[in-house]
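Heads up, the thing below is written out as structure tokens.
The values are calculated or read from the model by the stated rules, or taken from the named source; none is laboratory data. None of the values given here were measured: they were computed from a predicted structure. Here the Cβ positions follow ideal geometry from the backbone for every residue, glycine too, while neighbour counts run over all protein chains shown.
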Amino acid sequence: MTRIFRDFWDSSLTARLTRRVLVIVAATFLLLLAILKIQYLMERDSLRDATLQMQAYDISSRTIVDESGAPKVVLPEGLHAAYSRPDRPYVYLILDGEGRVLASSHGMEEPLAPVPAQGEDPLFRNVDLSTGIDYYGITVPLGNTPFHVQVAQGPAHSDVLEDSLIEEFLEHSWPFLLALALGISAVTVWTVRQSLAPVRRLSYMARNIGPASLDRRLPEDNLPSEITPLVHAVNTSLQRIESGYRREREFTANAAHELRTPLAVLKANIETLSSLEEVPQLIDELGDIERLVTQLLRLAQVDNLVLRPGEEADLHAVALAVAQQLASMALASGKSIELTGEQGRVPVRGHADFLALALRNLVENALAHAPRSTSVEIRVGADASVSVIDEGPGVSQGDTARIFERFVRVKPGAYKGAGLGLSIAQRVAAAHGGSISVGREPGRGAVFTLKLPGDPPVSAP
């Protein structure tokens, strides 16, 4: 019980729901009491008015006019005793047309209220100045005579006593009402806690999911409909985390393998170094290792790439810069680079350096597979796309999906490289919300197209 009331004041979902439910219950309870009070007052006033009319009719029926024209009230013993009590709970008066008292129950000489005119409310509430008693009464005509009957009830009548009993009951029943409120609070807290028990079980299961148990998922059966979408979203996130974690482990293993081989070769060559003539070969091997490390660093940078709002690049300028950078490499291998398509500014939302990195990898891949004395075309499109076209053997249908995976080389040993260039290019495209597709140009070789999303942004003049 102590824990239940302690939980009522914390910031948990259980406490919040409990407090809100109790506020609603309390507001409903108070509204119900107010409605009952209003209904009681209406019924009480209606009953009191009806009682006064009955008393006035009773007095009228027992009033006679003698031969001299004076009214006289003749009451049976029971009524006479009620209208003769010294505390004056009930009184009556017989008034003439001008409101003078002709007869009364307690020798009263002044009327309690003036005789109402035609159409006025016959009910009244007034204080008898001679006794200080607050009366509530009614004035009605006495049949076809010029007289009026005035009857009234004082605070000692039975209806007032009944009201006092009700008020006294309410005053002395607060311990019961308090105990009832505490009981409702405890039951509400317990009910809410039981309703949220599945959420606590899910929290416990989620806390036990770690790097060694990423294959676990939270159960989605027998849950409240409000919780199921959240649990499904958590499971989807866990699936993505597991996939990313698995890729990172594979990446680490592949990177270690790719670095181990050239380092082992380099170590063996250094150990068997017999003359300085072998130094250029060692430098070339060190260059391969340096390129691999550089690509690994670039891949890590691409994985953390986040575009800033409003960041913009010129796709034509990026393509021109890449063509100029790789021109010497192409000439050294007996090939050339041709820049075609849009020659003006092609603004896109993106990071110029990373777009250049992706395009450079695509062009280097094309140069590696293109035959000598051929040209690699860089075609810039007005639809925020850039294509790299070579005259090599192309990509087979079965390899189009694999070539973008890390450390994948379709023909190992045929070309230098660790198989990271296309993977980096695809990651850059994905970070920009775009994609890279691969196809075949009729009469030529492979076509790699980098497509960025949406319409190009409008640049300020």
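Within the bounds of region 396-419, is there any residue that is modelled with pLDDT of 85 or more and not basic (Lys, Arg)? There is no residue in region 396-419 that is modelled with pLDDT of 85 or more and not basic (Lys, Arg).
For first residues located in region 53-80 and surrounded by 11 or more Cβ atoms within 10 Å (Cβ to Cβ), partners that are part of a helix (DSSP H, G or I) and not polar (S, T, N, Q) and lie 6+ apart or on another chain with Cβ distances below 7 Å form the pairs Val73/Ile59. Against the condition closer than 17 Å to Gln325 by Cβ and within 45 Å of the chain's Cα centre (by Cα), how does Ala358 come out, does it pass? Taking the combined requirement at face value, the residue satisfies it. Return a yes/no flag: does region 88-95 have any residue that is outside any strand (DSSP E or B), more than 10 Å from His148 (Cβ to Cβ), assigned by TED's automatic domain parsing to the domain that holds Leu47 and not acidic (Asp, Glu). Within region 88-95, one or more residues are outside any strand (DSSP E or B), more than 10 Å from His148 (Cβ to Cβ), assigned by TED's automatic domain parsing to the domain that holds Leu47 and not acidic (Asp, Glu). Evaluation of Leu331 against the conditions (1) closer than 24 Å to Val395 by Cβ; (2) modelled with pLDDT of 90 or more; (3) surrounded by fewer than 19 Cβ atoms within 10 Å (Cβ to Cβ) shows that the sole unmet condition is (1).
Okay, residues lined up against (1) among the small types (Gly, Ala, Ser); (2) more than 30 Å from Ala181 (Cβ to Cβ); (3) in contact with a Gly (Cβ under 7 Å, 6 or more places away or on another chain):
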| position | (1), (2), (3) |
| --- | --- |
| Ala34 | yes, no, no |
| Asp49 | no, yes, no |
| Thr63 | no, yes, no |
| Ala70 | yes, yes, no |
| Pro86 | no, yes, no |
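One residue alone among Ala233, Ala256 is assigned to a helix (DSSP H, G or I), modelled with pLDDT under 80 and loosely packed, with under 11 Cβ neighbours inside 10 Å, and that residue is Ala256. Taken together, Leu223, Leu238, Leu202 contain a single residue that is farther than 30 Å from Glu405 by Cβ, at pLDDT 75 or above and either among the acidic types (Asp, Glu) or under 25 Å from the mean Cα position of the chain (by Cα) (or both), which is Leu202.
When Leu367, Leu357 are screened for being touching a strand residue (DSSP E or B) at 6+ places or on another chain (Cβ under 8 Å) and outside any loop (DSSP other than H, G, I, E, B), only Leu367 passes. In the set (1) loosely packed, with under 14 Cβ neighbours inside 10 Å; (2) out of contact with any Asp or Glu (no Cβ under 9 Å at 6 or more places or on another chain), the condition left unmet by Glu110 is number (2). Are any of the residues in region 328-343 touching a residue at least 24 places away in the same chain (Cβ under 8 Å) and at positive phi? Yes - at least one qualifying residue is present in region 328-343.
Taking every residue in region 187-199 that is surrounded by 13 or more Cβ atoms within 10 Å (Cβ to Cβ) and pairing it with any residue that is of a type in the set (Ser, Thr, Tyr), at least 6 positions away or on another chain, the pairs with Cβ-Cβ distances below 7 Å are Thr188/Thr18; Val189/Thr18; Val192/Thr14; Val192/Thr18; Arg193/Thr14; Leu196/Thr14. The set of residues in region 307-327 that are in contact with a helix residue (DSSP H, G or I) (Cβ under 8 Å, 6 or more places away or on another chain) and free of Cβ contacts under 8 Å to residues at least 40 places away in the same chain comprises Asp314, Ala317, Ala321, Gln325.
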